[in-house]
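I have placed the structure first, in the form of structure tokens, so that the comments after it can refer back to it.
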Amino acid sequence: MMTAEPPAVAIEGVSHCYGRRQALDDVTFSITPSTFAVLLGLNGAGKSTLFSLITRLYAIQRGRIRIFGRDVGHASSEALRMVGVVFQPRTLDLDLSVLQNLSYHAALHGISKHDGRARAEEALARIVLADRANDKVRNLSGGQMRRVEIARALLHRPRLLVLDEPTVGLDIKSRADILAYVRRLVVKDGVSVLWATHLIDEVADDDGVIVLHQGRVLTHGSVPRVLDAAGAEDIRAAFTRLTQATDAAIEGS
């Protein structure tokens with residue numbers, strides 16, 4: 001009898017405080033493997049805090065996070081080996097070449113020099129930047145830098161890719177190109193994706209959606225399920241209705 005594969009990521013009752021400020025409040029949701037899920041929330045909703053817990057930058061105060069069944073709190077090395085991360089702030093070394101940035105990251109993951117270079121060259125070919133391999137990163141455009149960061153996050157061949165506001169500050173074409181590239185990873189390579197954004201137009205009709213607002217999950221599931229929960233005809237109207245209702249309830253309490 002075959003056992004069902006565990007969720008790509010399962011967040012169970014996670015809460016986090018900064019002193020007296022509650023950043024996350026009993027956050028619970030899960031993502032099916034090989035799907036594209038959007039963590040949708042305004043700036044300050046708690047998206048970056050949640051990503052910091054998933055990637056073990058912060059210790060989990062309450063609740064549990066599992067990556068393909070591996071507990072981030074108790075088996076962090078095993079869990080994090082399956083995760084590739086693209087943080088909102090740029091983290092490439094501007095004075096190293098593109099290839100040097102990728103090779104250095106591969107070495108940090110214990111990948112041999114020969115294999116690391118081969119993977120880096122393959123990754124650059126996939127993001128159509130092979131001709132910029134020896135250029136310093138500072139000479140790339142913002143969109144090109146983001147593509148390099150995504151390629152870097154995939155060097156150790158993770159099963160889950162988490163991206164925190166990866167298109168902030170990019171032009172419309174660069175945003176569309178990066179979204180299209182990451183969606184192809186899901187279809188062609190079976191990578192699971194958790195994509196955090198405040199940009200509603202980045203949600204596609206066949207995505208999973210988690211609406212996070214003031215540290216709480218208001219609803220999660222397929223786009224049709226979210227629309228039904230909000231009684232709305234499109235995701236923008238659903239998001240507005242859900243968040244405004246929550247704000248009104250908080251103000252009235």
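Just so it is clear, none of the values below were taken in a lab; they were calculated from the coordinates. What you see is a predicted model, and the numbers here were worked out from it, not measured in a lab. Virtual Cβ from ideal backbone geometry, glycine too; neighbours counted across all protein chains shown.
Could you identify which residue out of S77, S30, S48 has the top mean-square fluctuation in a GNM of the chain using Cα springs shorter than 10 Å?
Highest fluctuation among the options: S77.
How high is the relative contact order of the chain? Use alpha-carbon pairs under 8 Å, at least six apart in sequence, and give a whole percent. Walk me through the intermediate numbers first.
Values: 453 pairs, mean separation 62.3, N = 253.
Relative contact order of the chain: 25 percent.
Can you tell me, using C-alpha contacts under 8 Å and at least 6 residues apart, the relative contact order of region 1-150 as a whole percent?
Computed over region 1-150, the figure is 19 percent.
Would you mind classifying region 81-149 by shape? Square roots of the alpha carbon gyration tensor eigenvalues, ordered a ≥ b ≥ c; an a/c under 1.5 is rounded, otherwise it is prolate if a/b is larger than b/c and oblate if not.
Cα axes put region 81-149 in the oblate bin.
Tell me the label-point distance for the pair R81, S112, using the 7 Å Cα-to-Cβ offset, in nm and rounded to one decimal.
If labels sit at R81 and S112, their model points lie 1.8 nm apart.
What whole-number distance in Å separates the alpha-carbon centres of region 183-253 and region 37-114?
22
Where a ≥ b ≥ c are the square roots of the eigenvalues of the C-alpha gyration tensor, would you call region 58-117 rounded, which needs a/c under 1.5, or, failing that, prolate if a/b is larger than b/c, or oblate? Could you put the intermediate results ahead of the total?
Numbers: a/c = 3.65, a/b = 1.80, b/c = 2.03.
Since a/c reaches 1.5 but b/c is at least a/b, the shape of region 58-117 is classed as oblate.
With a 10 Å cut-off between alpha carbons and a GNM built on the chain, which of L242, L129, L24 moves the most?
In the Gaussian network model the winner is L129.
For D201, what is the net charge nearby, where nearby means another residue's Cβ is under 13 Å from its Cβ and Lys, Arg count +1, Asp, Glu -1?
Values: positive: R175, R236; negative: E202, D205, D207, D234.
Taking every other residue near D201 into account, the sum is -2.
Place a +1 charge on the Cβ of each Lys and Arg in the chain and a -1 charge on the Cβ of each Asp and Glu, then give the dipole magnitude about the Cα centre in debye, rounded to the nearest 20.
Numbers: 31 positive and 29 negative charges, 154 e Å.
Here the size comes out at about 740 debye.
Just to be sure I understand the curve: with the Debye formula and one point per C-alpha of the chain, what is log10 I(q)/I(0) at q = 0.07, 0.08, 0.13 Å⁻¹?
Treating every Cα as an identical point scatterer, log10 I(q)/I(0) equals -0.25, -0.32, -0.84.
Rank A249, N101, P6 by how far each Cα sits towards the positive end of the charge dipole of the chain (+1 on Lys, Arg Cβ; -1 on Asp, Glu Cβ) and give me just the farthest.
N101
Restricting attention to region 11-96, which trypsin sites (Lys or Arg not before Pro) occupy a DSSP loop and are surrounded by at most 11 other Cβ atoms within 10 Å?
In loop regions of region 11-96 (DSSP not H, G, I, E or B), the sparsely surrounded trypsin sites (Lys or Arg not before Pro) are R20.
Can you pull the percent of Cα pairs in region 1-42 with separation above 11 Å?
Working: 635 of 861 pairs.
Tail fraction, whole percent: 74.
Which of the aspartates and glutamates could be linked to K188 by a straight reach, that is with a Cα gap under 18 Å, when you skip same-chain ones fewer than 8 residues away?
Those aspartates and glutamates meeting the cut-off are E122, D177, D206, D207.
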